[in-house]
Ligand code: ADP
Ligand code: MG
């Protein structure tokens, strides 16, 4: 049922495909501290259009902080983040950004995010969780918003649960609604922060199946933090391994996963695999 791990030929095909794609996310010299603690220190990464980046690392290594910076849910201390060529957190007049500026930026720059704990609106149906933000944030007319919401629910296999409240859905179903919601404004890049970590083991597969299809069939640009190594091998083009707030190693997915250079990466992979 599951896609097999990529062959050498498939990897070469992916490389050739991605080589000529424009950068979608460009991070240079990104640094972030919480008080005295450095969480990101001079982080560099380019994600090309259509590329899938998997972020690995033990708890507390900075994975969520990285993804939250790219969605501008956190402020950073130094460095630059560009999404679709546009520099985040930067006003032409050089003044600091207000919360209002950040909200406008988030709506226009095209970053979608999926959280470990789904973060659905508990009082709204699956359909309204998707259609509501399309109306409020993006000004989509009500009938079109509902049509798009139902089509997205079909796409994640939940067309028949469109009118259910989150508490009447399983964790796996709630996360699939959250993925549909994140896709609704057609983001140029989708960030998924440990999307299966809060799920019962028997619910993990259905969520990974949806993400796998988005990556391999729809060609979506994604950054995913996960502990699912076999899934990482199936979908990742590029792997970043973080530990203790630093980037220990990053590179071609197959190289990092199969031939890790750093002892910390080796230990982590043998522990998780
Ligand atoms: P991960 O997602 O890899 O588990 P995080 O990015 O959540 O790691 O956290 C990285 C480090 O930053 C941890 O040491 C964590 O305790 C710290 N941290 C995260 N968020 C905050 C915060 N809001 N205030 C202070 N420290 C934080
Ligand atoms: Mg985290």
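The values are calculated or read from the model by the stated rules, or taken from the named source; none is laboratory data. Computed from a predicted model, the values in this text were never measured in an experiment. In this analysis, Cβ positions are derived from the backbone assuming ideal geometry, glycine residues included, and neighbour counts consider all displayed protein chains.
Details
- Selection status of residue 225, under 30 Å from residue 129 (Cβ atoms), within 16 Å of ligand 1 (Cβ to nearest atom) and buried (at least 18 other Cβ atoms within 10 Å of the Cβ): yes
To keep it simple, each residue is scored yes or no on (1) touching a residue at least 60 places away in the same chain (Cβ under 8 Å); (2) within 16 Å of ligand 2 (Cβ to nearest atom).
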residue	(1), (2)
189	yes, no
197	yes, yes
213	no, no
218	no, no
228	no, yes
241	yes, yes
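- Failed item, numbered, when residue 141 is tested on (1) under 15 Å from residue 125 (Cβ atoms); (2) surrounded by fewer than 22 Cβ atoms within 10 Å (Cβ to Cβ): (1)
- Once region 28-82 is narrowed to residues that are within 15 Å of the chain's Cα centre (by Cα) and more than 21 Å from residue 194 (Cβ to Cβ), the residue that is nearest to ligand 2 (Cβ to nearest atom) is 46.
- Flag if residue 115 is modelled with pLDDT of 95 or more, exposed (fewer than 15 other Cβ atoms within 10 Å of the Cβ) and either more than 21 Å from residue 24 (Cα to Cα) or within 16 Å of ligand 2 (Cβ to nearest atom) (or both): no
- Scanning region 24-57 for residues that are outside any strand (DSSP E or B) and at pLDDT below 95, we see that the one that is farthest from ligand 1 (Cβ to nearest atom) is 36.
- Across region 58-100, the number of residues qualifying as within 11 Å of ligand 1 (Cβ to nearest atom) and part of a helix (DSSP H, G or I) comes to 7.
- Cross-chain or 6+ apart pairs with Cβ under 6 Å, region 51-68 first and without any contact (Cβ under 8 Å) to a residue 40 or more places away in the chain, then in a strand (DSSP E or B) and within 6 Å of ligand 1 (Cβ to nearest atom): 65/39
- Qualifying residues in region 101-130 (those that are assigned to a helix (DSSP H, G or I) and closer than 28 Å to residue 200 by Cβ) - the one nearest to ligand 1 (Cβ to nearest atom): 129
- Residue in region 85-96 that is crowded, with 16+ Cβ neighbours inside 10 Å, more than 16 Å from ligand 2 (Cβ to nearest atom) and under 15 Å from the mean Cα position of the chain (by Cα) present: no
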